[in-house]
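A short worksheet on the structure shown next.
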Amino acid sequence: MMKNLIKSNTVIMLIFAAVVLTAPIWTAPIGANYPDLLQKFAIFGIFAVGYNILFGLTGYLSFGHAAFLGIGSYTAVWSFKLLTMNVVPAIILAVIVAGIFALLIGFLSLRRSGIYFSILTLAFAQMAYSLAYSVLTPITNGETGLQLEQQDPRVIDSMFGVVVKDGLPSTNLFGTLMSGYSGFYVAAAILIVAFYISLKIFRSPFGMKLLAIKSNQTRMKYTGFNTRPYLLTAFVISGMYAGLAGGLLASIDPLAGAERMQWTASGEVVLMTIMGGVGTLIGPLLGAVIIKYLENIFSALNKSELTEIFNYMPEWLQTIVVNVTNPFVGEGWHLTLGALFMLIVIFLPGGVMEGVDKIKGLFGFGKKKSTIEGEAK
Amino acid sequence: MDAILIQLLNGLDKGAAYALIALGLTLAFGTLGIVNFAHGALFMLGAFCAVSFQKILTISKKVKDESITFFDAYKEKPYLEIWWGDTGTAIIDYAVPLSILMAIPVMLLIGFIMERGLIRHFYKRSHAEQILVTFGLAIIIQEVIRHFFGANPIPTPAPDVVSGSAAVGVFFGLNENLVYPWWRLIYLAFSLAIISAVFAFLKFTTFGMVVRAGMADRETVGLLGINIQKRFTIVFAIAALVAGLAGVMYAPILPPDYHMGMDFLVLSFVVVVVGGMGSLPGAVAAGFLLGILQSFASMTEVSSLFPGIDQIIIYLVAVIILLVRPRGLMGREGVFED
Amino acid sequence: MSEAMTNTASKTMLEIKGVNKTFGGLHALSDVNLQIVEGETHAIIGPNGAGKSTLLNCCIGKLIPDNGSVTFNGRNMIGMAPHDINHAGMVRVFQTPEIFPELSLLDNVMIPAFAKRDGTFKFNPFKSMANEKVIREEAMSTLAEFALDKFYDQHAGSISRGDKRRLELAMGLIQHPTLLLLDEPTAGMARHDTNQTIELLNSGKMGEMTKVIIEHDMHVVFSLADRISVLARGHIIATGTPEEIKNDPKVKEAYLGEEAVDE
Amino acid sequence: MKKNDQTPSLNRRGFIKTAGAAGVVASAPMIFMKGAYAAKDFRNDPKDSKTVTLGFNVPQSGPYADEGADELRAYKLAVKHLNGEGDGGMMKTMKPSMLKGNGILGKKVVFSTGDTQTKSDAARASAKRMIEKDGALMITGGSSSGVAIAVQGLCQEMGTIFMAGLTHSNDTTGKDKRRYGFRHFFNTEMSGAALGPVLEKEYGTDRTAYHLTADYTWGWSQEGSIKKYTEAMGWKTKAAVKTPVGAGDFSQFITPVLNSGADTLILNHYGKDMVNSLTQAVQFGLRDKQVNGKDFQIVVPLFSRLMAQGAGENIKGILGSTNWNWALKDEGSQAFVKSFGAEYGQPPSMAAHTCYVQTLLYANACEMAGTFYPPEVIKALEGFKFDGMGNGATEYRAEDHQCFKDVLVVRGNQNPSSQFDLLEVVQEVPRAQVEYKPELLGGDLGPYEV
């Protein structure tokens, strides 16, 4: 009975929403309770959750999803420049344009499978990055990144008589500014919706068929499924999620840079997903949170702050601990990242979610792990 | 005509580097089935063998510059020069080629340790997990190198005799202005030699035959009762060695820095895949093809016609080849397609 | 054996005409002609390498014959994609179990049921699996027919080989095919399991279905088949009732001699 | 959280107490004076806090990590000096100065650090963290123009002052200038103006130049400025070829130079690109060549000592410009090199210099304004004239927030006397020669109040 309750969509969504919306409170002890990082958690959470719909369900490893993130950002900023500072059209356009590009790139890339598919997506994304950085500068403003300007036309805004006298206008949601905590709550609300959609997909026959394609594509074909459109749909959906994340990034901070499309950015979402747990519902989100946390908090620690943190220890122990941990923080945060990747794969092949399951098992919750969380039982 | 010839040389030279890196990568791919994201790091470690060897040779007697009082500034004179005079200078001058002697055992050892300690536990794991673990390893190697050598590139010049350019034009009876650096010609020759050596090794030794059989059908070879584990270790060590040697010899062309492996990583994967998974000749062919095309694409005649083509040529060609030929230039069906 | 025998002349379902297939220089199939009649169970036998699997693959779209025609219920099958052939009603059950190892047994059977209902592609991401009661019940009862229902929620990859073979049959059956192609359904099975499978194939819905069976085991062939075709070196050398085949001198000469080697 | 560097913990805590107490006393009259601004609420107003937080946003990973590390050293030194520790460095030579060595406005200076990764997104995220979480009043640092412009834009939105670190593109104080952003470092326009006459003197007026340009905004800016000044003195430009950033191997771009008829190669590259392209250009024998009866020359318009290290032998004899060099003999430079050398055992780089100066200038402006309220601090900085900071008489021009000061033209040292002695100063180009009208580069500063 308990089990069924936990598995029900409504309960999951209620818990999920509660956890997400109270993030400013429970992130306080780990020093992550400031708007920018919380926004990044939500936005990259959306990116990873969407990526998981492709990678987690179909097993197709795309190495080019950052392209859609970048395209979403550029679209959103252009919408701010040309149409209005309201984020609604910007985000909608970002999703649509990213979806169109995903359709084109997916259509070509999905003609191949396995590593050939991965390299095709990588190649498309790298081309997008290189061009955005150089020859497409009129559209992308190159290295500096696309920015707002006071002289931008903003057709819709000017129709309603909004005039910007001094400085740059701010992005808003019908008057609510997108900066600070309000920005986080908008992103969090969208994350909740995005997560709900992902949950529905995971638990639908459509999601089941995608899983079956991952399991045995050949068999799917002889079972009467045309697998290509299924894969393409999943690719486009995850591309649209990436576009959504990109549009949201630009909505909260209206600047779109080419480096958002570099292969390292594509790699990051892959790592987030694997680290959290491929094919689990919540894992990719956890992966996104962990990586962004390391990037933003660990990189900022230094020796004196470590000393502060370990102040409760006796002095001799404190010195030892500080000296041992010091290479892993500040400029050494990459080292922590690398070590974490290795430790997780070696000890928790299923990502963080496997660790969670193991702990659950220790305490006697739940039965033996099922590989696919979203599977309806 | 001259311009085309010299771009061809540039392309061959680039291609030599790509092919050499891709060779080790595809060897590990094909035989062990491992997607090694730390391969770029091995290339970088090779280059840093040259750097460390040079550092060892130039351990210097420090003479304090007395005119500077605010901090200690030294004029350095290597002990080798002090002890052996010109002979010492000459030895230091040849630091890079000599460092090969150090790189061979070091890279083999690194390959051996990596395979025994980590890679072998991942043969049966998914590609995604292989990527994550090797990528993590690459980051760690990179950070360790940075810790000891800093982030700036470190100059590792070629020996003086070959630091100039060869009059290629005169040699072929063409324009006398047509020159090409000796070291790049040496690099080209060196990589051809290494590539031939790897091919010969695989073709003419029993060991090589087993490896090739393994590349064709891993499971069958496993069933033959051959101690495949031991052979896998050796194959991986060879792959590491090839990457390392590519790095050593590249040091005079590209002053090494801790990040150079990552810069080559994506490119080498593209080369391997365009060549076709698990195909050694494919990787070599793709390396040279992409190198040459990249050179030609940057000619002003071409890039003014298609702006930005030099930025994307490699990826564009990769896309076209993969769409026209499903498994790259020489890949086989069913390898790495799931 | 079944009453289908009596109306052999009723309707040709699958017609293979003049099919040739070469691999390199090797003639895998030469001028194969075969007719499968509605309601019959037709066995194709022949020594290893005779071209049985190639023939099957030519029917389901995995291979395209060099020439000749494959017509199913009046429709040309050559060049058709495998998924379309499936929807035309020709369903194949694989020799080595081609299941979805990571999914549960129930899901394994539900997937082909979805194919039957949803067609080659359907985008319904908001429909919940939990609401697919009709299909789940059908899948459960199909599993029950094959005595697999008690471990419906286990991963298909974790069950025994024999169970996997039965799961394959269940996956084929739930699609209610017009024609079921079975590739050595009992290969590698113990005698007891083999008999059980024969029983399954001869009774219930399975028994009424038109079937083509590729089989090595003469015991199985003679227990199931209404008609038998013998394939040797890419040629059909004989077609007829089991009795006719048993007594055909050509078959005895060309086939049975080699069979001893195979067993 | 943000304490100064590590002294044994007991001593440190003891020290903070006394320093804090002193701070309260010192700032008491200030609080009175500040009444006029007290009504204005602004982000991260330290109010009654005994400390004020500065945010040091430097590249700790990526290609400029070493430069970033040096910047961070300079910042830590500046904080020490501001808080009255150490020998005071340039605080003693800066004129005019209101700095007293008791922190800023009597509040002890603390700092937080962040990693820009030399990526706009990461740099903005890190700046936001320092503003939103650590309460930083001012952000400073960076080692590339893209990052500087991105962070500067953010700081304008957030109403936080940004004191740029190493950024050389014209856009930082031109097209993309912001009211809240200030640049002490020079720019490509000034590099061009300074290099031009020296190039004319050294290489004559009859030269044909070939540009290799990093294909992004800074590269184009550099190329444009050098072209402008060399063409004005009669040089011809044979070609200007864009090279992809991080190309690694530049051979396919260098070989066309060989037979192009050009006799001067201008490398508009920085960092790794510069090290690689220069190394390879020398390998291709460009420096041994004779074209049109003249020795072939290579020019690298923007130099730094850290980059010169990477290029090794190849940099010797090559001309370029730089913002500052530790070998300068003026009082300010000497004081800075002395205290930096004593602290870290090595001379500061030009990136370290500009970052150190920026921190002091900000602190001084707060003292001048008598408040941390950014619009007042900005007004204090605008048009501020000072001397004794290593670049001669300097002015923060009000119209574009660009510092105008002497520019150094340097040459790779042929015969270095030590491992740090890589650049020799050819000429200290006076400020008057590199000044230009603010309208030249356009842009709009935006409002004081945000």
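Values quoted throughout were computed directly from the atomic coordinates according to the rules given, and no laboratory measurement underlies them. The structure displayed is predicted, hence computed values, not measured ones. Cβ placement follows ideal geometry from the backbone for every residue including glycine, while neighbour counts extend to all protein chains displayed.
Which is farthest toward the positive dipole end of the protein assembly as shown among A:Phe16, D:Thr93, D:Ala308, measuring Cα position about the Cα centre, with Cβ charges +1 (Lys, Arg) and -1 (Asp, Glu)?
Checking the options against the dipole of the protein assembly as shown, the answer is A:Phe16.
Between A:Leu317 and A:Ala339, take the C-beta separation as r, use R0 = 22 Å, and let me know the FRET efficiency to the nearest 0.05.
After rounding, the FRET efficiency stands at 0.50.
Quantify how much of the Cα-Cα distance distribution of chain B extends past 30 Å, in percent.
Value for chain B (Cα pairs over 30 Å): 41 percent.
Say each of D:Lys437 and C:Ser158 gets a label point 7 Å from the Cα, pointing the same way as Cα to Cβ; how far apart are those two points in nm?
It works out to 8.1 nm between the two label points.
Starting from the amide H of C:Ser104, placed 1.01 Å from N in the peptide plane, find each other amide H under 5 Å away whose residue is 5 or more places distant or on another chain.
Excluding prolines and chain starts, which carry no amide H, the hits are C:Ala156.
If you restrict to DSSP beta bridges whose two residues both lie in the protein assembly as shown, what percentage is antiparallel, to the nearest 5?
So the antiparallel bridges amount to about 50 percent of the total.
Mind listing the long-range amide H neighbours of D:Gly317? Cut-off is under 5 Å, sequence gap 5 or more, other chains count too, H placed in the peptide plane at 1.01 Å from N.
Hits under the 5 Å cutoff: D:Gly412, D:Asn413, D:Gln414.
Output the relative contact order of chain D, whole-number percent, from Cα pairs under 8 angstrom with separation of 6+ residues.
Reported relative contact order: 18 percent.
Considering only DSSP beta bridges with both partners in region C:102-261, what is the antiparallel share in %, to the nearest 5?
Counting DSSP beta bridges with both partners in region C:102-261, the antiparallel share is about 55 percent.
Might you report the magnitude of the Cβ-based charge dipole of region C:99-160 about its Cα centre, with Lys and Arg at +1 and Asp and Glu at -1, to the nearest 20 debye? Before the final figure, lay out each step's value.
Numbers: 7 positive and 9 negative charges, 47 e Å.
Here the size comes out at about 220 debye.
Taking neighbour Cβ counts within 10 Å as the exposure measure, how do D:Met350, A:Met261, C:Met77 sort from fewest upward?
C:Met77, D:Met350, A:Met261
State which stretch of chain D is the longest one without any exposed trypsin sites (Lys or Arg not before Pro), exposure meaning a DSSP loop state and at most 11 other Cβ atoms within 10 Å.
On the way: sites that count: D:Lys47, D:Lys329.
Answer from the scan: D:48-328.
Between D:Ala247, D:Ala214, D:Ala78, find the one with the highest GNM mean-square fluctuation for chain D; connect C-alpha pairs within less than 10 Å.
It is D:Ala247.
Along the charge dipole of region C:99-160, which of C:Ser104, C:Asn124, C:Ala147 sits closest to the positive end, that is, farthest toward it, with unit charges on the beta carbon of Lys, Arg, Asp and Glu (+1, +1, -1, -1)?
Of C:Ser104, C:Asn124, C:Ala147, it is C:Asn124.
Between region D:323-383 and region C:122-172, how far is it from one alpha carbon centroid to the other, in angstrom?
Taking the Cα centre of each part, region D:323-383 and region C:122-172 sit 74 Å apart.
Among C:His235, D:His211, rank each residue by its count of other Cβ atoms within 10 Å, from fewest to most, as a rough exposure measure. Numbers along the way, then the final one.
On the way: C:His235 18, D:His211 27.
Ordered by Cβ neighbours within 10 Å, fewest first: C:His235, D:His211.
What FRET efficiency do you get for A:Val163 and B:Val161 if R0 is 60 Å and r is their Cβ-Cβ distance, rounded to the nearest 0.05?
Values: r = 72 Å, r/R0 = 1.20.
Once rounded, the FRET efficiency stands at 0.25.
For region D:189-322, what does the alpha-carbon gyration tensor say about shape, rounded, prolate or oblate, given a ≥ b ≥ c as the root eigenvalues, a/c under 1.5 as rounded, and a/b over b/c as prolate? Could you put the intermediate results ahead of the total?
Working: a/c = 1.32, a/b = 1.14, b/c = 1.16.
Cα axes put region D:189-322 in the rounded bin.
Mind listing the phi-derived Karplus ³J(HN,Hα) values for region B:33-39, rounded to whole Hz, using 6.51, -1.76 and 1.60 with θ = phi - 60°, and x for any glycine or proline?
3J(HN,Hα) across region B:33-39, in whole Hz: x, 10, 8, 9, 6, 8, 5.
What is the distance, in nm, between label points placed 7 Å from the Cα along the Cα-to-Cβ direction at C:Ser203 and at A:Leu21?
In this crude spin-label approximation the distance works out to 5.8 nm.
Can you tell me the FRET efficiency between A:Phe363 and C:Asn131 if r is taken as the Cβ-Cβ distance and R0 is 51 Å, rounded to the nearest 0.05?
Taking R0 as 51 Å, the efficiency between A:Phe363 and C:Asn131 is 0.95.
Below 8 Å between Cα atoms, with a sequence gap of 6+, how large is the relative contact order for chain C in percent?
Once normalised by length, the contact order is 26 percent.
Output wanted: per-residue J couplings in Hz (rounded whole) for region A:24-38, from phi through Karplus 6.51 cos²θ - 1.76 cosθ + 1.60, θ = phi - 60°, x for Gly and Pro.
With the stated coefficients, region A:24-38 comes to x, 7, 6, 7, 4, x, 9, x, 10, 8, 10, x, 4, 5, 4 Hz.
Quick one: 3J(HN,Hα) in Hz for region B:78-86, Karplus 6.51/-1.76/1.60 with θ = phi - 60°, rounded, Gly and Pro as x.
Residue by residue, region B:78-86 yields x, 4, 4, 6, 5, 6, 10, x, 5 Hz.
Given the options A:Ser79, A:Ser179, A:Ser134, which has the most mean-square fluctuation in a GNM of chain A, springs set between C-alpha atoms less than 10 angstrom apart?
A:Ser134
Would you mind calculating the relative contact order of chain A from Cα pairs under 8 angstrom and at least 6 residues apart, reporting the percent as a whole number?
Numbers: 596 pairs, mean separation 105.2, N = 377.
Averaging sequence separation for qualifying contacts and normalising by length gives 28 percent for chain A.
Given H placed 1.01 Å from N in the peptide plane, which residues other than close sequence neighbours of D:Ala398 have an amide H under 5 Å from its amide H?
Result for D:Ala398 returns D:Gly383.
How far, in nm, would the chain grow between B:Ala197 and B:Leu305 when pulled straight, counting 0.36 nm per residue and subtracting the alpha carbon separation?
34.8 nm
Quote the charge dipole size of the protein assembly as shown about the Cα centre in Debye, to the nearest 20; the model charges only the Cβ of Lys and Arg (+1) and of Asp and Glu (-1).
1940
If you place +1 on the Cβ of every Lys and Arg and -1 on the Cβ of every Asp and Glu, how big does the dipole about the Cα centre of chain B come out, in debye to the nearest 20?
1060
With the cut-off at 1.5 for a/c, could you classify the protein assembly as shown from its C-alpha gyration tensor as rounded, prolate or oblate?
Note, shape of the protein assembly as shown comes out prolate.
So, in nm, how far is label D:Ala398 from label D:Asn292 when the simple model puts each one 7 Å beyond its Cα toward the Cβ?
Label-label distance for D:Ala398 and D:Asn292, simple model: 4.6 nm.
Using helices alone, what [θ] at 222 nm do you get for the protein assembly as shown, with -39,500 (n - 2.57) per DSSP H run of 4 or more residues, divided over all residues and rounded to the nearest 500?
It lands at -16500 deg cm²/dmol.
How many times 2.2 N^0.38 Å is the alpha carbon radius of gyration of chain C?
My calculation over the Cα atoms of chain C gives 1.02.
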